[in-house]
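Here is the structure we will look at, set down as C-alpha cells.
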Amino acid sequence: MVAAPSASAWTYSLSTGTSRPYGGWGEATIDFGNSSIEACDLGGKDGLRAVAMVSWTGMVDSPIEAQDTNGSNGYERCSGDLTFWGPETGTAYTFKACLRDGATGTPQLCSTHKGSWGYN
C-alpha cells in the first residue's frame with residue numbers, strides 16, 4: 001500500500017493493495033481545491049472495483065464514495081470526478097482507497113490517509 005502526495009499541494013492520491021493472483025489494484029485521488037474524489041480500477045481484471053471514500057469530523061451522512069464501475073481500463077476510464085460540498089478548511093478527514101466486490105461488498109485491501117482538510 002502506497003500513499004503519495006501529488007505534485008499539486010491541493011491533491012492527494014492513494015493506491016490499494018494488489019489483488020492476488022490477478023494483479024489488480026485501485027487508485028483514489030482527492031482534490032481539495034475542487035472538493036472532489038475519483039477512483040480508478042487498474043491492473044489485471046479481478047472482478048473487483050476501485051472505490052474512493054472520504055468522511056470528516058461532524059459529517060452527518062455516510063462517507064462520500066466514488067466507484068469505478070466499468071472494470072480495469074486504465075486511467076482513461078475512471079469513475080470521473082465526484083464533487084461535493086467539502087468541510088471547513090482544517091477539519092479532520094479520513095480518505096480511503098479500497099477494492100470492493102460489487103456496489104455494496106466489504107471494502108478490502110484498503111489504504112487510509114488522515115489529515116486536515118486543505119492541508120493534506
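Numbers below:
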| quantity | calculated |
| --- | --- |
| Candidates Ser62, Ser79, Ser111, filtered to the one that is in contact (Cβ under 8 Å) with a residue 40 or more places away in the chain and assigned to a loop (DSSP other than H, G, I, E, B) | Ser79 |
| Subset tally (residues that are of a type outside the set (S, T, N, Q), free of Cβ contacts under 8 Å to residues at least 60 places away in the same chain and not in a strand (DSSP E or B)) for region 27-51 | 5 |
| Failed condition for Trp85, given (1) over 14 Å from the mean Cα position of the chain (by Cα); (2) among the aromatic types (Phe, Trp, Tyr); (3) not in a loop (DSSP other than H, G, I, E, B) | (3) |
| Residue count for region 70-82, restricted to those that are more than 13 Å from the chain's Cα centre (by Cα) and either small (Gly, Ala, Ser) or surrounded by 11 or more Cβ atoms within 10 Å (Cβ to Cβ) (or both) | 6 |
| Yes/no for Thr18 being in contact (Cβ under 8 Å) with a residue 12 or more places away in the chain, assigned to a loop (DSSP other than H, G, I, E, B), β-branched (Val, Ile, Thr) and surrounded by 13 or more Cβ atoms within 10 Å (Cβ to Cβ) | yes |
| Number of the exception - Val54 against (1) assigned to a strand (DSSP E or B); (2) within 18 Å of Gly118 (Cβ to Cβ); (3) open to solvent by 40 Å² or more (accessible area, probe 1.4 Å) | (3) |
| Scope region 21-32; condition more than 15 Å from Gly115 (Cβ to Cβ) and surrounded by fewer than 19 Cβ atoms within 10 Å (Cβ to Cβ); matching residues | Pro21, Tyr22, Gly23 |
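Each row is one residue, and each column tells you yes or no for (1) surrounded by 19 or more Cβ atoms within 10 Å (Cβ to Cβ); (2) over 11 Å from the mean Cα position of the chain (by Cα).
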site: Ile64; (1), (2): yes, no
site: Asp101; (1), (2): no, yes
site: Ser111; (1), (2): yes, no
site: Trp117; (1), (2): yes, yes
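The values are calculated or read from the model by the stated rules, or taken from the named source; none is laboratory data. Everything quoted here is computed from the prediction, not taken from an experiment. With ideal geometry, Cβ positions are generated from the backbone for all residues, glycine too; neighbour counts draw on all protein chains shown. Surface accessibility is based on the protein's heavy atoms, side chains included, excluding ligands, DNA and RNA. Shrake-Rupley method; radii C 1.70, N 1.55, O 1.52, S 1.80 Å.
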